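Engineer: After the structure tokens below, expect a handful of questions from me.
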Amino acid sequence: MTLFRRRFGTHYGVFAVLWLILTCVREAAALRPIRDRGPSASTSWGEERIFLRRGGNDPTAYSRWNITGTYRGTWSFTGTSNRSSRFLEFGKSNGLSVLELASTRTKINGVHYVQGAVIFHDVHDSENDLGATQMRVEGVYIWPFKQLRLVASSGSDGVLLQDEHFMSNPYHLLGAFSSQVFQESPRDRVRRKKSPTDDIEKHCNIEIAAQVSRISSSQADGEHDCYHLEGLMESPAVEDDGECFSPILLNATSLNVEVYYNKAVNYTLMVTFISFIQVLLLIRQMEHSNTQSGAAKVSILMIGQQAIMDAYLCLLHLTAGILVESLFNAFATAAFFKFVVFSIFEMRYLLAIWKASRPLSNGEGWEAMRRELSVLYSRFYGILLGGILVMYEFHSFLRPILFIMYSFWIPQIINNVIRDTRKPLHPHYILGMSATRLAIPLYIFGCPSNFMRIEVDRGWCISLCIFMGFQALILLLQHYLGSRWFIPRQILPEKYSYTRRSENNTSQATDCVICMTAIELTQRSSDYMVTPCDHFFHSGCLQRWMDIKMECPTCRRSLPPA
């Protein structure tokens, strides 16, 4: 009987008549949803149509004013803080709120039965306590006057309808998934123990009175209309106990699930396109280093780190697709392309680099090669599984972990300095991979309207871009200026000079065994090069040969870096 105790402003007389109607039909369960009344619903539908025609209202107006959906907004105390300790210990005076409402028409013209939940975020300040509290509510929505009246519910009645709405809402499910994966674990966000409202209902009456207004499609995000709720959550005094908590202002706007669905699909299209571009870049890089000498110049740690990143993205997108059935095809497509990138192209490139760095083991037979492959795959998948455990245990440090994962160019930079390699990576591969790898984290943490409901962190995004740009810049300068351009010459080891003058007699001409033409040795020139084993070759011939093998073409002796 506490549902209509409040005054309804200027419409007091009209609501008094409605209250008499509700009282008369209470025993007939007129406020219960039509689809919950069993077989009798089919026999009473004709009477309901007659009743609606008598009221002079269009029965199709329900579809235009259906408030079922997800509402996101803010909550705040009307005063500075909560003045009562009988309710939750609010650590803040305001925060975010999410309302999940499911509306069902009834036999009474203009009155809909509503049930759902109100979730209060930013409730506690303590690090040891939880930051969100959920409260189930039910009531009526009188759409001719845009009035919503809700009371706290224990959830024993109509739980199935509410749970069905939750499980069919991709916004709700993907938001919960992103909070678990990218922000906090479910242990830190959801209160699994006894609900605080169970004890409150024994001593408090919790009522919510809200005014509903429609936002036109021109102002809403999409073609369909959205709704705005603005109301007050109060607890009228019970006997002499006084109110349970200070009045709370609620302000929320409905979210267009279709727009949210389209955002998720567009995101998967972006991931698919990025994966296709990465495949093309990998093919270009593999052609650039298609020889044994070229593959040995590439850092295996750099390729392995990128392969692990793609494997994680494949698992995340596949999990998101399983979680939300309506988006399974879109997320499964993105996961498949990521699977192709890391399992086919990157693993193949890893194998080529592994074989190029161990030339002596290639001639030992198939058994030796199988052992080498077993070691490679066991290390890769061991690091992959270990990384999952690390990120699960240290999920609160996800952003620093992402910084570590996006330092994949550093092993190549160090490898270039140590081995003094020449142009191991193609410039298009460096620039293309740096840009495509940044697309997903910049969307998740930098797009204000991302579908994962993650707050924007512009400072972190700017830092990540600077970090990646600095790595790519060093690699490009190593490509054009030399791998050790930034190291002072005083601390560099002595480097062999291929333009030295031979100690042997150089008065006679000799032939280059690569092109089989004569080399003029009468004067010092940059047209020829001398190996440590005193063999002469044309400069261009020997440089092209060293891109394939770092061996002397004449005696097969190992050659130092040029």
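Engineer: Note down the nm distance, to one decimal, between modelled labels 7 Å out along Cα→Cβ at E551 and at Y496.
Structural biologist: Output for this residue pair reads 1.5 nm.
Engineer: Can you pull the one-decimal nm distance between simple spin-label points at E455 and F467, each 7 Å off the Cα toward Cβ?
Structural biologist: So the two model labels end up 2.0 nm from each other.
Engineer: Also, quick follow-up: Treating the range 367-472 as a set of equal point scatterers at the Cα positions, no solvent, please give the Debye-formula log₁₀ I(q)/I(0) at q = 0.10, 0.14, 0.15, 0.16 Å⁻¹.
Structural biologist: Scattering profile of the range 367-472, log10 relative to I(0): -0.42, -0.78, -0.87, -0.96.
Engineer: Accessible area of F470, 1.4 Å probe, to the nearest 10 Å²?
Structural biologist: The value for F470 is about 120 Å².
Engineer: Further, regarding this structure: Multiplying the sequence separation of R370 and F403 by 0.36 nm and subtracting their Cα-Cα distance, what value in nm do you get? Let's see the in-between values first.
Structural biologist: Working: separation 33, 0.36 × 33 = 11.88 nm, distance 3.48 nm.
Here the segment from R370 to F403 would lengthen by 8.4 nm.
Engineer: Next question. Y498 accessible area, nearest 10 Å², 1.4 Å probe?
Structural biologist: Roll a 1.4 Å probe over it and Y498 shows about 10 Å².
Engineer: Can you give the accessible area of K92, probe radius 1.4 Å, in Å² rounded to 10?
Structural biologist: Roll a 1.4 Å probe over it and K92 shows about 90 Å².
Engineer: Run the paramagnetic zone check for F336: 7 angstrom along Cα to Cβ, then residues of the range 255-271 with backbone nitrogen under 16 Å.
Structural biologist: Output list for this probe position: 268-271.
Engineer: Take the Cα atoms of the range 255-341, build their convex hull, and give its volume per residue in Å³.
Structural biologist: Numbers: hull volume 7.3 nm³, N = 87.
Taking only Cα atoms, the range 255-341 has a hull volume of 83 Å³ per residue.
Engineer: Here's a follow-up. Within 11 Å, Cβ to Cβ, of R419, how many net charges do the neighbouring residues add up to if Lys/Arg are +1 and Asp/Glu are -1? Provide the component values of the computation, followed by the final result.
Structural biologist: Details: positive: K297, R422, R484; negative: D420.
Charge balance near R419 sits at +2.
Engineer: Here's something else I'd like to know. Compute the distance in nm between two label points, each set 7 Å from the Cα along the Cα-to-Cβ direction, one at L389 and one at I440.
Structural biologist: 2.3 nm
Engineer: So if I place +1 on the C-beta of Lys and Arg and -1 on the C-beta of Asp and Glu, and nothing else carries charge, what would the dipole magnitude of the range 398-455 be about its Cα centre? I want it in debye, nearest 20.
Structural biologist: Working: 6 positive and 2 negative charges, 27 e Å.
Roughly 120 debye for the range 398-455.
Engineer: Residue by residue through the range 282-287, which ³J(HN,Hα) values in whole Hz follow from phi under the Karplus form 6.51 cos²θ - 1.76 cosθ + 1.60 (θ = phi - 60°), with glycine and proline marked x?
Structural biologist: These are the phi-based 3J(HN,Hα) values: 5, 5, 5, 5, 5, 5 Hz.
Engineer: Can I ask one more? State the extension gain, in nm to one decimal, for the chain segment bounded by L476 and R358, taking 0.36 nm per residue of separation less the distance between their alpha-carbons.
Structural biologist: On the way: separation 118, 0.36 × 118 = 42.48 nm, distance 2.73 nm.
Result: 39.8 nm gained on full extension.
Engineer: Return the tail of the calculated pair distribution for the range 302-402, meaning the percent of Cα-Cα pairs more than 17 Å apart.
Structural biologist: Details: 3088 of 5050 pairs.
Of all Cα-Cα distances in the range 302-402, 61 percent exceed 17 Å.
Engineer: Suppose R0 equals 60 Å; then what is the FRET efficiency for T74 and D511 from their Cβ-Cβ distance, rounded to the nearest 0.05? Please report the intermediate quantities before stating the final value.
Structural biologist: Values: r = 85 Å, r/R0 = 1.41.
Efficiency, rounded to the nearest 0.05: 0.10.
The values are calculated or read from the model by the stated rules, or taken from the named source; none is laboratory data. Note that the structure is a prediction, hence the values are computed from the model and not measured. A quick note on method: Cβ atoms are made from the backbone with ideal geometry, for glycine too, and the neighbour counts reach across all protein chains shown. Ligands, DNA and RNA are stripped out before the accessible areas are found, and what is left, the full protein with its side chains, is counted by its heavy atoms. Shrake-Rupley method; radii C 1.70, N 1.55, O 1.52, S 1.80 Å.
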